[in-house]
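Enquirer: Quick one: structure below, then a few questions.
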Amino acid sequence: MTKSDLIQIIINRLNLQPSKAEQIVNIVFDQMVDALNKGERIEIRGFGVFEVRSYKGYQGRNPRTGESTDVAPKRLPFFKVGKELRERVAEGPKEKVDSNVFDPSNAEKLYSPERREAIPEALIKEMIDPNPGIILADVGTGTGYFLWPLLEAVEGQGTFYAVDTSEEMLEKLKAISEHRAWGEKIEYVKSQPDHIPLPEGSLDVILLGSVYHELQNRIEFLRVLKRLLRPDGRVVIVDWKPMLDGGDDTVGPKAEERLSRDVAHREMIQAGFEIRTPSIFQKLWTLVGIMPEV
Ligand SMILES: C[S@@+](CC[C@H](N)C(=O)[O-])C[C@H]1O[C@@H](n2cnc3c(N)ncnc32)[C@H](O)[C@@H]1O
């Protein structure tokens, strides 16, 4: 981990401006250096102790020439590992690294009444406004919540890819599709976190509904999506507002997992999109990325 990794984590977790996050990291390290300079101990319970050890000057010998020399007194910083840190490192990493990824055993929550109220089908139709013949990929489709109103809007006329990294979610969607109108129109695509097996330049719309906060390498992933789009295509990202932006966690992901629209906005620009920012849902933000004009 580098200092910039740390800054990026703070930006993501706290939805801060990069300059603020950098300031926070700098303040912490500067204060630690100041304290050590003054000879103070820094005690972080469970983590360890930083302290300065003083060594008296002494008469030494130059190893090359054998001549005796004065070795000056010195002060050196030391780190003593705390018990808890030692134990945690000995245990190794916790098994579930990608802990933000949706747990398929909670699949029924995706159709809860509270969620249906927060993400009304009519607004999904309005947001995408699909034409018959549309070629759309619902990435992170889960059990297809966002697909049904769109299939209905064009009476199944179009190509609808249901893309997910989870085989289990795709299987659940297959089961649901057997008794829903236009279910037979869905094409299932099992993807990887960094690869979606669809032809480049082929899609009119890529939709990410409540998925963005689960992605591991978001900017890289956006670049993957961009390659799949037609020149006049668009990526539509919808995700839950953090508490500070007027969200609440009675429905949707946990507060600490949420990302702000500002963070996603910056990342989409970094990935090379032009951005539109429509306001559609009350509890979720929306961002639309289009291809820049060449
Ligand atoms: C919270 S669920 C949302 C499902 C659906 N879009 C909805 O709103 O009801 C997130 C889904 O995204 C999938 N997912 C997470 N990371 C992904 C990735 N990198 N590529 C594709 N799917 C991903 C998860 O497996 C899960 O099915």
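Enquirer: For the stretch 250-273, enumerate the residues that are out of contact with any helix residue (DSSP H, G or I) (no Cβ under 9 Å at 6 or more places or on another chain) and not in a loop (DSSP other than H, G, I, E, B). Let's see the steps before the verdict.
Expert: Kept after step one, since they are out of contact with any helix residue (DSSP H, G or I) (no Cβ under 9 Å at 6 or more places or on another chain), are these residues of the stretch 250-273: 254, 265, 269.
Correct list: H265, I269.
Enquirer: Hey, another quick one. So, restricting to strands (runs of 3 or more DSSP E) that lie completely within the stretch 124-203, which ones have at least 3 residues that are in contact with a Gly (Cβ under 9 Å, 6 or more places away or on another chain) and farther than 24 Å from E114 by Cα?
Expert: On the way: elements: 134-139, 158-164, 186-190.
Because the criterion is at least 3 residues that are in contact with a Gly (Cβ under 9 Å, 6 or more places away or on another chain) and farther than 24 Å from E114 by Cα, the strands (runs of 3 or more DSSP E) in the stretch 124-203 that meet it are 134-139, 158-164.
Enquirer: Which of the numbered conditions does V235 fail, given that it passes all the others? Conditions: (1) surrounded by fewer than 21 Cβ atoms within 10 Å (Cβ to Cβ); (2) in contact with a helix residue (DSSP H, G or I) (Cβ under 6 Å, 6 or more places away or on another chain); (3) closer than 20 Å to K125 by Cα.
Expert: Status for V235: all satisfied but (1).
Enquirer: Something else about it: If you go through the stretch 66-100, how many residues are part of a loop (DSSP other than H, G, I, E, B) and modelled with pLDDT of 90 or more?
Expert: Of the stretch 66-100, the ones part of a loop (DSSP other than H, G, I, E, B) are 66-67, 72-73, 82, 92-100.
From the residues that got through so far, the ones that are modelled with pLDDT of 90 or more too are 67, 72-73, 82.
Number satisfying all stated conditions: 4.
Enquirer: Within the set of pairs 6 or more residues apart or between chains, which connect a residue that is not assigned by TED's automatic domain parsing to the domain that holds E108 inside the stretch 130-158 to a residue that is away from the ligand (no atom under 12 Å from the Cβ) with Cβ atoms less than 6 Å apart?
Expert: That search, which allows pairs on different chains as well, returns nothing.
Enquirer: Would it be correct to say that E51 is surrounded by 13 or more Cβ atoms within 10 Å (Cβ to Cβ), in contact with a helix residue (DSSP H, G or I) (Cβ under 9 Å, 6 or more places away or on another chain) and farther than 25 Å from R88 by Cβ?
Expert: Working: surrounded by 13 or more Cβ atoms within 10 Å (Cβ to Cβ): yes; in contact with a helix residue (DSSP H, G or I) (Cβ under 9 Å, 6 or more places away or on another chain): yes; farther than 25 Å from R88 by Cβ: no.
No, not satisfied.
Enquirer: Which members of the stretch 176-187 meet the condition of being within 16 Å of the ligand (Cβ to nearest atom) and without any contact (Cβ under 8 Å) to a residue 40 or more places away in the chain? Spell out the reasoning first.
Expert: Our first condition is that a residue be within 16 Å of the ligand (Cβ to nearest atom); within the stretch 176-187, this holds for 176-177, 180, 183, 186-187.
Those that are within 16 Å of the ligand (Cβ to nearest atom) and without any contact (Cβ under 8 Å) to a residue 40 or more places away in the chain: I176, S177, R180, G183, E187.
Enquirer: Of the conditions (1) surrounded by fewer than 21 Cβ atoms within 10 Å (Cβ to Cβ); (2) in contact (Cβ under 8 Å) with a residue 24 or more places away in the chain; (3) in contact with a strand residue (DSSP E or B) (Cβ under 7 Å, 6 or more places away or on another chain); (4) not aromatic (F, W, Y), G252 fails just one. Which one is it?
Expert: If we test G252 against (1) surrounded by fewer than 21 Cβ atoms within 10 Å (Cβ to Cβ); (2) in contact (Cβ under 8 Å) with a residue 24 or more places away in the chain; (3) in contact with a strand residue (DSSP E or B) (Cβ under 7 Å, 6 or more places away or on another chain); (4) not aromatic (F, W, Y), just (1) comes out false.
Enquirer: Every residue in the stretch 196-216 that is within 9 Å of the ligand (Cβ to nearest atom) and surrounded by fewer than 19 Cβ atoms within 10 Å (Cβ to Cβ), please.
Expert: If the condition is that a residue be within 9 Å of the ligand (Cβ to nearest atom) and surrounded by fewer than 19 Cβ atoms within 10 Å (Cβ to Cβ), then Q216 is the only one that fits.
Enquirer: Something else: Being buried (at least 19 other Cβ atoms within 10 Å of the Cβ) and away from the ligand (no atom under 12 Å from the Cβ) is the filter; apply it to the stretch 155-175 and report the residue that is nearest to N100 (Cα to Cα).
Expert: Top of the filtered list is F160.
The values are calculated or read from the model by the stated rules, or taken from the named source; none is laboratory data. Model, not experiment: these values are computed from the prediction. In this analysis, Cβ positions are derived from the backbone assuming ideal geometry, glycine residues included, and neighbour counts consider all displayed protein chains.
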